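What follows is a single structure, written as structure tokens, with notes after it.
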Amino acid sequence: MTNIIIISAVGLNNEIGVNNKLIWTIKKDLNFFKRVTINHKIVMGHNTFMSLPKVLEGRSYIILTHHNIDNEKVLVFNNYEELICYLNSINEDIFIIGGESLYRLFLNEAKFLLLTEINKSFPHADTYFPYFDKNNYIREVIKKDRENDIDFCHVLYRKK
Ligand SMILES: NC(=O)c1ccc[n+]([C@@H]2O[C@H](COP(=O)([O-])OP(=O)(O)OC[C@H]3O[C@@H](n4cnc5c(N)ncnc54)[C@H](OP(=O)(O)O)[C@@H]3O)[C@@H](O)[C@H]2O)c1
């Protein structure tokens, strides 16, 4: 069975990005992201792909875009329906890593939301995690942590 898992780092107002970058750089969270996604397929929108500062080793990239991407290391899909059909055929844990438009597309499909809840807000954000009804999920705190004055918490939401 394919498990679709959304992974994201969100601020107090669900902010996730600004100017096609992350808002906060939290090393411990980036390490957590690496540990969780290593050896898995990661699905992202074209903007997120363009925003990555370096190749994330040990992960296979799947990119949703209306355009072609001239890179033989990535798998490209030009529409959501074909992508979801492919994902459901491969019986793996799949991580949707962003950004906003991909989170919106996959929110209904994802059984798990693995969120880093950051105890900060950023009023100039331009991308947000979509609203979801927490009553429809079981919330499990995995770990509370802190780095450079930023409190954050890894939380798993499992759809009831
Ligand atoms: N905090 C976090 O955890 C986190 C994680 C990831 C990203 N982010 C942030 O999120 C922001 C980017 O989010 P975003 O919403 O602007 O971009 P995005 O979701 O990464 O990518 C959007 C692009 O994906 C393609 N796309 C989306 N839906 C499609 C569809 N149905 N069919 C074909 N292509 C489709 C389009 O590419 P084309 O224009 O090429 O057609 C679209 O412009 C950045 O600031 C990034 O740093 C934050």
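Taken together, the values in this text are just the output of simple stated rules run on the coordinates, not laboratory data. Bear in mind that the values here come from a model prediction, so they are computed numbers and not experimental data. Quick reminder, even Gly has a Cβ in these numbers, built from the backbone with ideal geometry, and neighbours come from all protein chains shown.
Want the number for residue 144 to residue 70: 0.36 nm per residue separation, take away the alpha-carbon distance, what's left?
Working: separation 74, 0.36 × 74 = 26.64 nm, distance 4.04 nm.
So the extension gain works out to 22.6 nm.
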Helix-derived [θ] at 222 nm for the chain: sum -39500 (n - 2.57) over DSSP H runs of at least 4, divide by residue count, nearest 500?
-6000 deg cm²/dmol
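Going by how many other beta carbons lie within 10 Å of each one, how would you line up 50, 1, 44, fewest first?
Details: 50 12, 1 7, 44 23.
By the 10 Å Cβ count, ascending, the order reads 1, 50, 44.
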List the residues of the stretch 1-29 whose backbone N lies under 18 Å from a point placed 7 Å from the Cα of residue 131 along the Cα-to-Cβ direction.
11-16
What angle do you read, to the nearest 10 degrees and between 0 and 90, between the alpha-carbon axis of helix 80-89 and the longest principal axis of the chain?
90 degrees
Nearest-5 percent of antiparallel DSSP beta bridges in the chain?
50 percent
Most mobile listed residue (150, 38, 97) in the chain, GNM with C-alpha springs under 10 Å:
150
A correct fewest-to-most ranking of 121, 89, 101 by other Cβ atoms within 10 Å would be 89, 121, 101
Tell me the angle of helix 27-37 to the major Cα principal axis of the chain, expressed in degrees between 0 and 90 and rounded to the nearest ten.
40 degrees
Between the stretch 139-160 and the stretch 54-107, what is the C-alpha centre distance in whole Å?
25 Å
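Please give the charge dipole size of the chain, origin at the Cα centre, charges +1 on K and R Cβ atoms and -1 on D and E Cβ atoms. Round to the nearest 20 debye. Write down the numbers at each step before the final one.
Working: 20 positive and 19 negative charges, 106 e Å.
Roughly 500 debye for the chain.
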Relative contact order for the chain using alpha-carbon pairs under 8 Å, separation at least 6, rounded to a whole percent?
35 percent
Compute the label zone of residue 28 within the stretch 105-120: residues whose backbone N is under 18 Å from the point 7 Å along Cα-to-Cβ.
115-120
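By the scheme Lys and Arg +1, Asp and Glu -1, what is the net charge of all other residues having a beta-carbon under 11 Å from that of residue 31?
Details: positive: 27, 28, 34, 35; negative: 29, 145, 147.
Net charge around residue 31: +1.
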